[in-house]
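S.K.: The structure's right below; bear with me while I get my questions together.
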Amino acid sequence: MSACIELPRYRREERFATSEIVRICADDHVVTAPLADISMSGARILAPRPGPMGTVVTLALRQVGDIAARIVDGSDRTFVVEFVATDRTRDALIRKLFSGQYGLRPREVHWPGLLGALVARVLR
């Protein structure tokens, strides 16, 4: 019965791992880079941050088109954007992410870890 109780979620949206190439337009320069993951609310891009935090960039996503995004985190290797989605782009993101392309593969079950997690949850 305790295994049926869901713990609080730390993220607003489910993330999907990908290596899709995206075109990023920031101010007057354009770069292409792979995505590390994508969700309905944003994406993590494997490239140096093209501007300071809060900078608005435009991403060209396959099956979605151009979407405005705000830089919310980053380093010299990756950066994270939060989408500034309109109804049209939100609908396109829903179709892109939940159409089966990003289906989750079954994971291998590690029984000792699973049993340890169940015991820890029971003892909370």
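The values are calculated or read from the model by the stated rules, or taken from the named source; none is laboratory data. Just so you know, these numbers come straight off a predicted model, no measurement behind them. We place every Cβ from the backbone using ideal geometry, glycine too, and count neighbours over all the protein chains shown.
S.K.: For ALA85, are the conditions met, namely being surrounded by 17 or more Cβ atoms within 10 Å (Cβ to Cβ) and either outside any loop (DSSP other than H, G, I, E, B) or modelled with pLDDT under 85 (or both)?
M.R.: Yes.
S.K.: What number goes with the only condition from (1) part of a loop (DSSP other than H, G, I, E, B); (2) modelled with pLDDT of 90 or more; (3) over 16 Å from HIS29 (Cβ atoms) that VAL80 does not pass?
M.R.: (1)
S.K.: Within segment 44-69, track down each residue that is part of a loop (DSSP other than H, G, I, E, B), free of Cβ contacts under 8 Å to residues at least 24 places away in the same chain and either hydrophobic (A, V, I, L, M, F, W, C) or over 11 Å from ALA26 (Cβ atoms) (or both).
M.R.: Within segment 44-69, MET53, GLY54 meet the criteria.
S.K.: Considering only segment 26-38, how many residues are in contact (Cβ under 8 Å) with a residue 40 or more places away in the chain and over 15 Å from PHE79 (Cβ atoms)?
M.R.: Total meeting the criteria: 0.
S.K.: If ARG23 satisfies all but one of (1) without any contact (Cβ under 8 Å) to a residue 40 or more places away in the chain; (2) over 16 Å from LYS96 (Cβ atoms); (3) not small (Gly, Ala, Ser), what's the number of the condition it fails?
M.R.: ARG23 satisfies all of (1) without any contact (Cβ under 8 Å) to a residue 40 or more places away in the chain; (2) over 16 Å from LYS96 (Cβ atoms); (3) not small (Gly, Ala, Ser) except (2).
S.K.: Report the residue count in segment 37-83 for those that are touching a helix residue (DSSP H, G or I) at 6+ places or on another chain (Cβ under 8 Å) and aromatic (Phe, Trp, Tyr).
M.R.: Number satisfying all stated conditions: 1.
S.K.: Does segment 44-58 contain any residue that is among the charged types (D, E, K, R), over 19 Å from GLU14 (Cα atoms) and surrounded by 13 or more Cβ atoms within 10 Å (Cβ to Cβ)?
M.R.: Among the residues of segment 44-58, at least one is among the charged types (D, E, K, R), over 19 Å from GLU14 (Cα atoms) and surrounded by 13 or more Cβ atoms within 10 Å (Cβ to Cβ), which makes the answer yes.
S.K.: How many residues does segment 1-55 contain that are modelled with pLDDT under 85 and aliphatic (A, V, I, L, M)?
M.R.: 4
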